[in-house]
Amino acid sequence: MRLIKTHKLLSMKKQFLKKVWLACLFSLLFATAAMAQTNLAGISGKVSDAGGALLPNATITVKNESTGFTIKATSNSKGTFLLKELPLGSPYSITVEAMGLATQKQTGYSLNQGDLLQVSFAMEQKVQELNAVEIKASSTRNKIENIGSATAVTANDIAKLPVNGRNFTSLADLSPLSAGSSLSGQLASATNYTIDGMAAKSTISGGQPTGAYSISLEAVREFQVVTNQYDVTYGNAGGGTISTVTKSGTNVLSGSAFTYARANWLSSKYGLNGLKRNQTFSTYQYGFSLGGPIVKDKAQFFIAWDHQADSRPLYIASIQSADDEKRYNVTQATLDNYLTIARNKYGVASSPQFGQFDKFKNTHAGFARIDWQINPKNLFTIRDNFIYDLDNQSDGDNTAINIYEVYSTRKSLNNSVMASLRSILSPNLTNELKIQHYWEYNKMFANSQLPEDNIPRAIVQISRLLRLMVLPTQLLYS
């Protein structure tokens, strides 16, 4: 009897441990998915005959005419179908074939981030000389699936609207809940940034992207400002998420080259106080993009490079008149007395500490992406985003008036490599696997005026993350 009880206890213990292990695995996948999100699109539809009767087992073929991406499905017993996790792009065509009925094709659809395209087909009887029916579709049928509030900024918006510094995040203000880098009244650090569904949030600089921009504007297809969202995949965000989708190549070789300049001579020679400006005030930005086929209808590439050089004056208690003394609430005599004490007792450099100084920022952004449809069931994507930023005299202390000696230079680099595999596991199941390696390097250089034997010359911060996301397997059929 005791042996039987012991056996039962061991059996119950094994079952309990198995349940705990499965719960831990589920929690891991759940938590991982919460750090990233799906940002692709879907198509749902209904197939019926001319009399309105629903048609099961109709063959549906969805194709991106610009890349050759193709996927097939069949309608269920209710005559409906649902395809999810489709790559963004245009134009998409949807072809329906049913035995004894004329083939029908709808074209001209554009799939944007989060769209669920809803279509319907009324099939006609097949006649000997009747060709396939082709219908030019309307994009007004697109619907965005969101449990909450989201503002979409499309490629058309990005192309037409002015973008200060060519940083796409400045367009986030199109959302009524945006105030610059903060969303829904939260701190800027509570805003999550994602690129292609994977986190692009800095792990060093208070969570905010480093550099003039987190990705080149040339590589951005579209983005959404998502707030008040209760979808678990929009995790890691107290205020909201700026969800960005990148461009991909097509079967047509195309590219762009650009340059923008705000020359020093275009800027006023005088400051707001009417006194002459002595430092350079200019911004130069230039770059290019190129995309096209590697193998037509199978593999495409897209690359972009962006460079920005920005120079502007740094004003530190630049007193040149009595009005300046009122504005800074300090007199020139007080500043002179302060510097005399600081130099005699604390070794502050004899070079100027107040006035006008040069401030320079140099940023490079590189992006590359390859999409490869391995076979009708698997689509593989790999992309790399690299940012280099050198910001001279970027950081001072938090007092009302600093001296030039306390300003430091920041050099930051970050590189994000992401690979994704979209797979059809069975006729009615699809899954997406994403892996990302995110590396970040941040180095702060002390001002050259400081004595080398008293302080470290640089502070280095390095962060390396490996993220894995397995999106829950999704039904292809409703």
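The values are calculated or read from the model by the stated rules, or taken from the named source; none is laboratory data. These numbers come from a predicted model, not from an experiment. Note that each Cβ is placed from the backbone with ideal geometry, even for glycine, and that neighbours are counted across all protein chains shown. When the accessible area is computed, the model is the full protein with side chains, heavy atoms only, and any ligands, DNA or RNA have been set aside. Shrake-Rupley method; radii C 1.70, N 1.55, O 1.52, S 1.80 Å.
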For this session: From (1) at negative phi; (2) assigned to a helix (DSSP H, G or I); (3) at pLDDT 75 or above, pick out the condition that doesn't hold for N192.
Result: (2)
Exercise. Condition test on T331, is it out of contact with any helix residue (DSSP H, G or I) (no Cβ under 8 Å at 6 or more places or on another chain), without any contact (Cβ under 8 Å) to a residue 60 or more places away in the chain and of a type in the set (V, I, T)?
Worked result: no
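Here is a yes/no grid of residues against (1) modelled with pLDDT under 85; (2) over 20 Å from L82 (Cβ atoms):
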position: N131; (1), (2): yes, yes
position: I147; (1), (2): yes, no
position: N164; (1), (2): yes, yes
position: L171; (1), (2): no, yes
position: S178; (1), (2): yes, yes
position: L187; (1), (2): yes, yes
Problem set entry | Among (1) at pLDDT below 90; (2) open to solvent by less than 30 Å² (accessible area, probe 1.4 Å), the one test that Y346 misses | (2)
Problem set entry | Residues (surrounded by 17 or more Cβ atoms within 10 Å (Cβ to Cβ) and part of a helix (DSSP H, G or I)) located in the range 327-337 | Y328, L335
Seminar exercise, completed: Subset of the range 280-321, residues in contact (Cβ under 8 Å) with a residue 40 or more places away in the chain, outside any strand (DSSP E or B), open to solvent by 30 Å² or more (accessible area, probe 1.4 Å) and more than 17 Å from S248 (Cα to Cα), comes to T280, Q320, S321
Problem set entry | Selected residue (criterion: farthest from L314 (Cα to Cα)) from residues of the range 343-372 that are of a type in the set (S, T, Y) and touching a Phe, Trp or Tyr at 6+ places or on another chain (Cβ under 9 Å) | T363
For this session: Considering every residue within the range 371-386, establish whether at least one is over 29 Å from G197 (Cβ atoms) and either over 31 Å from the mean Cα position of the chain (by Cα) or among the acidic types (D, E) (or both).
Result: no
Exercise. In the range 219-228, is there at least one residue being at pLDDT below 90, open to solvent by 30 Å² or more (accessible area, probe 1.4 Å) and polar (S, T, N, Q)?
Worked result: yes
Problem set entry | Given (1) at pLDDT below 90; (2) in a loop (DSSP other than H, G, I, E, B), number of the condition D324 does not satisfy | (2)
Exercise. So is T67 closer than 29 Å to Y193 by Cα and either assigned to a loop (DSSP other than H, G, I, E, B) or at pLDDT 90 or above (or both) or not?
Worked result: yes
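For (1) out of contact with any His (no Cβ under 9 Å at 6 or more places or on another chain); (2) closer than 18 Å to S463 by Cα, each residue gets a yes or a no:
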residue: T409; (1), (2): yes, no
residue: N415; (1), (2): no, yes
residue: L421; (1), (2): yes, no
residue: L425; (1), (2): yes, no
residue: K434; (1), (2): yes, no
residue: H437; (1), (2): yes, yes
